Amino acid sequence: MLIERLAFTGLRNLEALDLAPSPGINLIVGCNGSGKTSLLEGLHILGMGRSFRTRQLKHAIAHESDEMTLYARLCGEPPLPIGVRRARDAAELEMRMGGERVSRLSRLIEALPLQLINPDAFRLLEGAPAGRREFLDWGVFHVKHDFYDAWRRAKRALKHRNALLRHGRMDANSLAAWEQELTLWGERVDVLRREWMASFVPVFEETLGRLIDLPELSLRYSRGWDKQRSLQEVLEQGRTADQLMGFTQNGPQRADLRIRLGRRPAVEVLSRGQQKLVVSALKLAQGRLLEQSTGRSCLYLVDDLPAELDAEHRRVFCRLLESMRCQAFITSVEHDALVGPWESHTPIAVFHVKQASSGTGQLVPKAQIDFTTE
């Protein structure tokens, strides 16, 4: 869903802002430390309930403020207002949709699907499996409507089995009961993940091919346990070893995406610029599949687009993004590096973040550019 209005107060070094973004490309330009990334952070908190810059949301609150309030109005009939509020002394994030308070974060994530492309996105290639598993599950969640319930039930069963494993003496009946529950829902999670992957891989390959020529790059799903055996069998045979470790070593919680170039992990072979294009293809393909499957659009947050990319690959990235007719917020220190690569027919909103002498960053519209008039 497109954002037609944004209003932020108490967010880091940004002064209170209230703006109507473009339904297409929004370019955020400013010097280092002015607050460009803070704007993306606010959007990420709105759509994910957490920051990509800090584990504790209270650290995203401006020093002089007691609370942070983030609001967006999403296009629709009728429009859907969503908002979050976090007081410095509060333990939880307050979330509202349509004027009513909501308690489940999944509703916020469903309302504003977004993808973030920033320096941390390289973790999809070089980081632990948890990051790739989160990427995978984001896609399945938005396309497979029964995924969240299956995932939640599997997580609950896993938690109880691990608790029993850590006890000095295992209750065999209780362990068997939770293993049966974990098998039921864990295998359902696996089925939904595999179905989603079957749809995602062709979209990813086509997206990657439009950004860079890497015909040997492959993407493979690993479910987290021996593919020749049922999860029930793996859990029963692994009880002794799992008890020694104090946790369940195999199951859907160990799923991963294997990204390889030929026979080697892609991260060991690709340059930094090539890695950014692969990660970008993964993120953009997520949104393209979401739109193909559900008709819903995805919001893209791109922090420091020019980093790691030469002028030609910036142009290729921008042309692909505008062909998707999506809404995006893109930051850069360099004005020309952002404004130059777009097609002549693309309307672009350019905002400049100015650093005031007080140390706060004020977001002011610089220009509403329609290149068709030039």
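The values are calculated or read from the model by the stated rules, or taken from the named source; none is laboratory data. No experiment lies behind these values; they were computed from the predicted model shown. Positions of Cβ are backbone-derived with ideal geometry, glycine not excepted, and every protein chain shown enters the neighbour counts. Surface accessibility is based on the protein's heavy atoms, side chains included, excluding ligands, DNA and RNA. Shrake-Rupley method; radii C 1.70, N 1.55, O 1.52, S 1.80 Å.
Of note:
- Cα extents for the stretch 251-312 along the principal axes, largest to smallest and rounded to whole angstrom: 41, 36, 19.
- In Å², nearest 10: area of residue 342 left accessible to a 1.4 Å probe: 20 Å²
- Within the stretch 239-268, backbone nitrogen closer than 20 Å to the virtual label 7 Å beyond the Cα of residue 171 toward Cβ: 239-240, 242-244, 246-248
- Within the accessible surface of the chain, defined with a 1.4 Å probe on protein heavy atoms only, the carbon and sulfur portion equals 48 percent.
- The figure for residue 95 is an accessible area of roughly 20 square angstrom, using a 1.4 Å probe on the protein chains alone.
- Å² of accessible area per residue within the chain, as computed with a 1.4 Å probe and no ligands counted: 48 Å²
- Between the helical axis of 311-323 and the longest alpha-carbon principal axis of the chain there is an angle of about 80 degrees.
- Charge context of residue 204, other residues only, Cβ under 12 angstrom, K/R +1, D/E -1: +2
- Checking every one of the trypsin sites (Lys or Arg not before Pro) in the stretch 46-97 against DSSP loop status and a limit of 11 other Cβ atoms within 10 Å picks out 55.
- Cut-off 10 Å between beta-carbons: net charge of the residues surrounding residue 74, Lys and Arg +1, Asp and Glu -1: +1
- Annotation for residue 102 and residue 120: the two label points, set 7 Å from Cα along the Cα-Cβ direction, are 2.1 nm apart.
- Exposure rank, largest accessible area first [195, 64, 4; 1.4 Å]: 64, 195, 4
- Reachable aspartates and glutamates from residue 159, criterion Cα separation under 17 angstrom, eight or more residues apart if same chain: 149, 171, 179, 181, 187, 236, 242
- Size-normalised alpha-carbon gyration radius of the stretch 121-181, reference 2.2 N^0.38 Å: 1.47
- The convex hull around the C-alpha trace of the chain, projected and averaged over every direction, spans 20.8 square nanometres.
- Calculated FRET efficiency, residue 205 to residue 319, Cβ-Cβ distance, R0 = 22 Å: about 0.75 to the nearest 0.05.
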